[in-house]
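The values are calculated or read from the model by the stated rules, or taken from the named source; none is laboratory data. What you see is a predicted model; the values in this text were computed from it and never measured. Surface areas here come from the heavy atoms of the whole protein model, side chains and all, with no ligands, DNA or RNA. Shrake-Rupley method; radii C 1.70, N 1.55, O 1.52, S 1.80 Å.
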Amino acid sequence: RHAVAVANRHLEEDAWFKNNGYVKVDVLFEDLSAEDEARLLVEQGNRKDELVAWVSSKFPNDGAILLDWMAGEPSPLRRAVGVVLRNQGKPAHEIVAVFRENGAEARDRYHNYHRGALHWLCRLYHTDKKYAGLNAVLGLAGNNIRVFLDYCHAITAEWMADGCPPLPISWRFQNAAIHRQAVILRENLYSAARSTVEVNQFLERVGRLFEAAHKGPRQSEPEINHFALRGEVSDEASRERLDKWLL
(Lines give C-alpha, C1' and ligand atoms only; values in the text may rest on other atoms or scores of the structure.)
Protein backbone atom coordinates (compact mmCIF):
# COMPACT_ATOMS: atom_id res chain seq x y z
CA ARG A 1 0.00 0.00 0.00
CA HIS A 2 2.83 2.40 0.80
CA ALA A 3 4.52 1.85 -2.57
CA VAL A 4 1.21 2.51 -4.36
CA ALA A 5 0.63 5.65 -2.27
CA VAL A 6 4.08 6.97 -3.20
CA ALA A 7 3.41 6.33 -6.89
CA ASN A 8 0.04 8.10 -6.64
CA ARG A 9 1.74 11.09 -5.03
CA HIS A 10 4.16 11.29 -7.96
CA LEU A 11 1.22 11.29 -10.37
CA GLU A 12 -0.56 13.99 -8.40
CA GLU A 13 2.53 16.20 -8.47
CA ASP A 14 3.08 15.78 -12.22
CA ALA A 15 1.20 18.52 -14.08
CA TRP A 16 0.45 16.44 -17.18
CA PHE A 17 -0.93 13.44 -15.30
CA LYS A 18 -2.86 15.65 -12.86
CA ASN A 19 -4.44 17.76 -15.63
CA ASN A 20 -5.55 14.61 -17.44
CA GLY A 21 -6.94 13.04 -14.27
CA TYR A 22 -4.46 10.17 -14.16
CA VAL A 23 -3.62 10.19 -10.46
CA LYS A 24 -4.18 6.54 -9.49
CA VAL A 25 -1.51 4.07 -10.50
CA ASP A 26 -3.85 1.10 -10.05
CA VAL A 27 -5.93 2.19 -13.06
CA LEU A 28 -2.94 2.77 -15.34
CA PHE A 29 -1.85 -0.82 -15.96
CA GLU A 30 -3.68 -3.55 -17.85
CA ASP A 31 -3.40 -6.96 -16.20
CA LEU A 32 -2.26 -10.07 -18.05
CA SER A 33 -3.45 -13.19 -16.22
CA ALA A 34 -1.36 -16.34 -16.17
CA GLU A 35 -4.12 -18.16 -18.05
CA ASP A 36 -4.26 -15.51 -20.79
CA GLU A 37 -0.48 -15.55 -21.16
CA ALA A 38 -0.46 -19.33 -21.52
CA ARG A 39 -3.19 -19.12 -24.15
CA LEU A 40 -1.25 -16.49 -26.11
CA LEU A 41 1.83 -18.67 -25.90
CA VAL A 42 0.36 -21.91 -27.22
CA GLU A 43 -1.96 -20.36 -29.83
CA GLN A 44 0.61 -18.21 -31.63
CA GLY A 45 1.11 -18.97 -35.30
CA ASN A 46 1.34 -22.54 -36.54
CA ARG A 47 3.79 -23.76 -33.92
CA LYS A 48 3.63 -27.38 -32.83
CA ASP A 49 2.15 -28.29 -29.47
CA GLU A 50 5.28 -28.47 -27.32
CA LEU A 51 3.40 -30.01 -24.39
CA VAL A 52 2.16 -32.89 -26.54
CA ALA A 53 5.67 -33.37 -27.93
CA TRP A 54 7.11 -33.39 -24.39
CA VAL A 55 4.64 -35.97 -23.09
CA SER A 56 5.08 -38.19 -26.15
CA SER A 57 8.87 -38.08 -25.78
CA LYS A 58 9.28 -38.30 -22.00
CA PHE A 59 6.42 -40.59 -20.97
CA PRO A 60 6.00 -43.26 -23.64
CA ASN A 61 4.50 -45.79 -21.20
CA ASP A 62 1.58 -43.80 -19.79
CA GLY A 63 1.62 -40.65 -21.92
CA ALA A 64 -1.53 -41.72 -23.80
CA ILE A 65 -3.57 -41.22 -20.61
CA LEU A 66 -2.37 -37.64 -20.30
CA LEU A 67 -2.72 -36.94 -24.02
CA ASP A 68 -6.32 -38.13 -24.03
CA TRP A 69 -7.17 -35.78 -21.16
CA MET A 70 -5.20 -32.90 -22.71
CA ALA A 71 -7.12 -33.25 -25.99
CA GLY A 72 -10.36 -32.37 -24.20
CA GLU A 73 -8.98 -29.84 -21.68
CA PRO A 74 -9.53 -26.29 -22.99
CA SER A 75 -7.18 -24.57 -20.51
CA PRO A 76 -3.55 -24.66 -21.69
CA LEU A 77 -2.33 -23.81 -18.21
CA ARG A 78 -4.26 -26.67 -16.62
CA ARG A 79 -2.69 -28.95 -19.23
CA ALA A 80 0.74 -27.60 -18.32
CA VAL A 81 0.12 -28.13 -14.60
CA GLY A 82 -0.87 -31.72 -15.34
CA VAL A 83 2.39 -32.33 -17.21
CA VAL A 84 4.40 -30.67 -14.43
CA LEU A 85 2.81 -33.03 -11.91
CA ARG A 86 3.77 -35.97 -14.14
CA ASN A 87 7.32 -34.56 -14.31
CA GLN A 88 7.38 -34.82 -10.52
CA GLY A 89 6.58 -38.51 -10.69
CA LYS A 90 2.86 -38.50 -9.93
CA PRO A 91 0.99 -41.24 -11.85
CA ALA A 92 -0.76 -40.08 -15.00
CA HIS A 93 -4.04 -41.81 -14.14
CA GLU A 94 -4.14 -40.06 -10.75
CA ILE A 95 -3.46 -36.65 -12.30
CA VAL A 96 -6.19 -37.12 -14.89
CA ALA A 97 -8.71 -38.40 -12.35
CA VAL A 98 -8.17 -35.39 -10.08
CA PHE A 99 -8.48 -32.83 -12.86
CA ARG A 100 -11.51 -34.51 -14.41
CA GLU A 101 -13.26 -34.52 -11.04
CA ASN A 102 -12.41 -30.79 -10.81
CA GLY A 103 -12.91 -30.64 -7.06
CA ALA A 104 -11.00 -28.98 -4.24
CA GLU A 105 -7.85 -31.06 -4.86
CA ALA A 106 -7.71 -30.00 -8.52
CA ARG A 107 -8.16 -26.35 -7.55
CA ASP A 108 -5.42 -26.62 -4.93
CA ARG A 109 -3.00 -28.23 -7.37
CA TYR A 110 -3.71 -25.59 -9.99
CA HIS A 111 -3.30 -22.79 -7.44
CA ASN A 112 0.00 -24.19 -6.15
CA TYR A 113 1.60 -24.93 -9.52
CA HIS A 114 0.11 -22.71 -12.22
CA ARG A 115 2.60 -19.84 -11.99
CA GLY A 116 5.61 -22.14 -11.94
CA ALA A 117 4.07 -24.15 -14.77
CA LEU A 118 3.75 -20.96 -16.81
CA HIS A 119 7.48 -20.21 -16.40
CA TRP A 120 8.28 -23.77 -17.50
CA LEU A 121 5.88 -23.47 -20.44
CA CYS A 122 7.69 -20.30 -21.57
CA ARG A 123 11.00 -22.16 -21.50
CA LEU A 124 9.46 -25.07 -23.39
CA TYR A 125 8.35 -22.64 -26.13
CA HIS A 126 11.66 -20.69 -25.95
CA THR A 127 9.73 -17.49 -25.19
CA ASP A 128 10.44 -14.84 -22.58
CA LYS A 129 8.02 -14.64 -19.66
CA LYS A 130 5.71 -11.63 -19.99
CA TYR A 131 5.07 -9.17 -17.16
CA ALA A 132 2.16 -6.74 -16.81
CA GLY A 133 -0.18 -5.40 -14.16
CA LEU A 134 0.36 -3.51 -10.92
CA ASN A 135 0.90 -6.63 -8.82
CA ALA A 136 3.46 -7.96 -11.29
CA VAL A 137 5.39 -4.69 -11.22
CA LEU A 138 5.35 -4.62 -7.41
CA GLY A 139 6.52 -8.22 -7.30
CA LEU A 140 9.38 -7.62 -9.72
CA ALA A 141 10.46 -4.63 -7.66
CA GLY A 142 10.46 -6.72 -4.49
CA ASN A 143 8.33 -3.95 -2.96
CA ASN A 144 11.37 -1.68 -3.20
CA ILE A 145 9.85 1.74 -3.85
CA ARG A 146 12.75 3.12 -5.89
CA VAL A 147 12.82 0.10 -8.20
CA PHE A 148 9.01 0.14 -8.41
CA LEU A 149 9.05 3.80 -9.47
CA ASP A 150 11.77 3.04 -12.03
CA TYR A 151 9.51 0.42 -13.61
CA CYS A 152 6.47 2.73 -13.49
CA HIS A 153 8.41 5.55 -15.14
CA ALA A 154 9.73 3.21 -17.86
CA ILE A 155 6.21 1.96 -18.61
CA THR A 156 4.59 5.40 -18.74
CA ALA A 157 7.45 6.73 -20.89
CA GLU A 158 6.90 3.87 -23.35
CA TRP A 159 3.18 4.62 -23.41
CA MET A 160 3.60 8.39 -23.87
CA ALA A 161 6.15 7.87 -26.66
CA ASP A 162 3.39 6.07 -28.58
CA GLY A 163 0.98 8.99 -28.26
CA CYS A 164 -0.81 7.98 -25.05
CA PRO A 165 -3.35 5.44 -26.33
CA PRO A 166 -6.48 4.97 -24.16
CA LEU A 167 -5.95 3.60 -20.67
CA PRO A 168 -5.22 1.13 -19.28
CA ILE A 169 -1.70 0.87 -20.65
CA SER A 170 -1.50 -2.26 -22.79
CA TRP A 171 0.33 -5.25 -21.37
CA ARG A 172 2.52 -5.16 -24.48
CA PHE A 173 3.84 -1.68 -23.60
CA GLN A 174 4.40 -2.80 -20.02
CA ASN A 175 6.19 -6.00 -20.96
CA ALA A 176 8.55 -4.26 -23.39
CA ALA A 177 9.37 -1.51 -20.89
CA ILE A 178 9.86 -3.95 -18.00
CA HIS A 179 12.31 -6.11 -19.94
CA ARG A 180 14.30 -3.06 -21.04
CA GLN A 181 14.34 -1.64 -17.52
CA ALA A 182 15.51 -4.97 -16.11
CA VAL A 183 18.52 -4.86 -18.45
CA ILE A 184 19.31 -1.33 -17.23
CA LEU A 185 19.07 -2.39 -13.58
CA ARG A 186 21.35 -5.35 -14.29
CA GLU A 187 23.90 -3.12 -16.01
CA ASN A 188 23.76 -0.75 -13.04
CA LEU A 189 24.71 -3.63 -10.76
CA TYR A 190 27.73 -4.45 -12.88
CA SER A 191 28.83 -0.82 -12.95
CA ALA A 192 28.67 -0.49 -9.15
CA ALA A 193 31.29 -1.36 -6.54
CA ARG A 194 33.31 -4.56 -6.90
CA SER A 195 31.48 -6.27 -4.03
CA THR A 196 28.13 -5.72 -5.78
CA VAL A 197 29.46 -7.27 -8.98
CA GLU A 198 30.73 -10.27 -7.04
CA VAL A 199 27.37 -10.76 -5.33
CA ASN A 200 25.60 -10.63 -8.69
CA GLN A 201 28.00 -13.15 -10.22
CA PHE A 202 27.61 -15.38 -7.17
CA LEU A 203 23.82 -15.39 -7.57
CA GLU A 204 24.13 -16.28 -11.24
CA ARG A 205 26.35 -19.23 -10.35
CA VAL A 206 23.87 -20.35 -7.69
CA GLY A 207 21.16 -20.20 -10.36
CA ARG A 208 23.20 -22.44 -12.66
CA LEU A 209 23.76 -24.85 -9.76
CA PHE A 210 19.98 -24.95 -9.17
CA GLU A 211 19.39 -25.73 -12.83
CA ALA A 212 22.01 -28.48 -12.86
CA ALA A 213 20.53 -30.04 -9.73
CA HIS A 214 17.05 -30.21 -11.22
CA LYS A 215 17.64 -30.82 -14.91
CA GLY A 216 15.49 -33.56 -16.36
CA PRO A 217 11.88 -34.73 -16.61
CA ARG A 218 11.73 -36.41 -13.21
CA GLN A 219 11.98 -33.13 -11.33
CA SER A 220 9.45 -30.34 -11.45
CA GLU A 221 11.07 -27.85 -13.83
CA PRO A 222 9.31 -24.83 -12.24
CA GLU A 223 11.01 -25.67 -8.94
CA ILE A 224 14.61 -25.29 -10.09
CA ASN A 225 15.14 -22.78 -7.27
CA HIS A 226 13.98 -25.26 -4.61
CA PHE A 227 16.46 -27.81 -3.39
CA ALA A 228 18.41 -28.62 -0.24
CA LEU A 229 21.94 -29.84 0.46
CA ARG A 230 21.50 -32.56 3.06
CA GLY A 231 24.74 -33.58 4.69
CA GLU A 232 26.86 -33.28 1.57
CA VAL A 233 28.85 -30.34 2.93
CA SER A 234 29.69 -31.79 6.33
CA ASP A 235 33.25 -32.76 5.39
CA GLU A 236 36.14 -30.78 3.98
CA ALA A 237 36.20 -32.48 0.57
CA SER A 238 32.50 -31.82 0.01
CA ARG A 239 32.88 -28.18 1.00
CA GLU A 240 35.73 -27.84 -1.49
CA ARG A 241 33.56 -29.31 -4.27
CA LEU A 242 30.72 -26.92 -3.40
CA ASP A 243 33.14 -23.97 -3.38
CA LYS A 244 34.30 -25.00 -6.85
CA TRP A 245 30.71 -24.95 -8.10
CA LEU A 246 29.91 -21.57 -6.55
CA LEU A 247 33.15 -19.65 -6.82
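To the nearest µm²/s, what D does Stokes-Einstein give for the range 120-202 at 10 °C and 1.306 mPa s, using the Kirkwood radius over alpha carbon pairs as Rh? List each step's numbers first, then the result.
Details: Rh = 14.1 Å.
Approximately 113 µm²/s, per Stokes-Einstein.
Return one number: the angle in degrees, 0 to 90 and rounded to the nearest 10, between the long axis of the Cα atoms of helix 236-246 and the longest principal axis of the Cα atoms of the chain.
50 degrees
Give me the count of lysine pairs in the chain whose alpha carbons sit under 18 angstrom apart, restricted to pairs 8 or more positions apart or on different chains.
Working: Lys48/Lys58; Lys58/Lys90; Lys58/Lys215; Lys90/Lys215.
Taking the chain as the scope, the lysine pair count is 4.
How tilted is helix 2-13 with respect to the longest principal axis of the chain? Cα atoms for both, answer in degrees (0 to 90, nearest 10).
It is inclined by approximately 30 degrees.
Pulled fully out, how much extra length does the chain show between His153 and Lys24, if you take 0.36 nm times their separation in residues and subtract their Cα-Cα distance? It would help to have the intermediate numbers written out before the result.
Working: separation 129, 0.36 × 129 = 46.44 nm, distance 1.38 nm.
That works out to 45.1 nm of additional length.
At a probe size of 1.4 Å, how large is the accessible area of Asp49, to the nearest 10 Å²?
70 Å²
What are the extents of the Cα atoms of the range 37-166 along their three principal axes, in Å, largest first?
53, 34, 24
With Kirkwood's inverse mean 1/r over C-alpha pairs for Rh, give me the Rg to Rh ratio of the range 43-108, two decimals please. It would help to have the intermediate numbers written out before the result.
Numbers: Rg = 11.6 Å, Rh = 12.1 Å.
Taking Rh as the inverse mean 1/r over Cα pairs, Rg/Rh reads 0.96.
Given axes a ≥ b ≥ c from the Cα gyration tensor, I'd like to know whether the range 16-68 is rounded (a/c under 1.5), prolate (a/b larger than b/c) or oblate. Each step should come with its number before you reach the end.
On the way: a/c = 6.64, a/b = 3.85, b/c = 1.72.
Verdict is prolate for the range 16-68.
Mean residue ellipticity at 222 nm from the helices of the chain, using -39,500 (n - 2.57) per DSSP H segment of n ≥ 4 over the full residue count, to the nearest 500 deg cm²/dmol? Spell out each step's value before the answer.
Values: 13 runs with 163 residues, N = 247.
Per the formula, -20500 deg cm²/dmol.
For Ile169, enumerate residues with amide H under 5 Å from its amide H, sequence gap 5+ or separate chain, H modeled in the peptide plane.
Phe29, Glu30
From the Cα trace of the chain, what convex hull volume per residue do you get, rounded to a whole Å³? Numbers along the way, then the final one.
Working: hull volume 45.3 nm³, N = 247.
So the per-residue Cα hull volume is 184 Å³.
How much solvent-accessible surface does Phe202 expose, in Å² to the nearest 10, with a 1.4 Å probe and all protein chains in place?
So the heavy atoms of Phe202 present about 80 Å² to solvent.
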